Amino acid sequence: MRRCSHVRRTGATGYIGGDALVEIVQAHPDWEENITAAVRNSEKGAQVAAVFPKVKLVYGDLDSTAMIEEEASKADIVYREFVMTRPYD
């Protein structure tokens, strides 16, 4: 039996990230309870939870570097999909 991976992902409620989450769970349904999705707020989290009730949610944004680093350190696989919509210096 193949070991179930611990997966962390950003962008789960976005256009590409949301589709990617669907594809991951369809390809590996046994992974769903080991997926952690970073979402910006409880409204976005509710969207993910409605479709994927076993996915663990963590809250933050692209500036939440400590959370992103901590979650990535626990993962076997990290998927990152996001679009930068504001200028950065």
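Brief remarks follow.
- Among residues of region 41-55, those that are of a type in the set (D, E, K, R) and crowded, with 16+ Cβ neighbours inside 10 Å, counted: 1
Residue by residue, here is whether (1) among the hydrophobic types (A, V, I, L, M, F, W, C); (2) in contact with a strand residue (DSSP E or B) (Cβ under 7 Å, 6 or more places away or on another chain); (3) at positive phi; (4) at pLDDT 85 or above holds:
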site	(1), (2), (3), (4)
SER5	no, yes, no, no
GLU33	no, no, no, yes
ALA46	yes, no, no, yes
ALA49	yes, yes, no, yes
PRO53	no, no, no, yes
THR85	no, no, no, no
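The values are calculated or read from the model by the stated rules, or taken from the named source; none is laboratory data. Because the structure is a prediction, the values reported are computed rather than measured. No Cβ is skipped: glycine too gets one built from the backbone with ideal geometry, and neighbour counts run over all protein chains shown.
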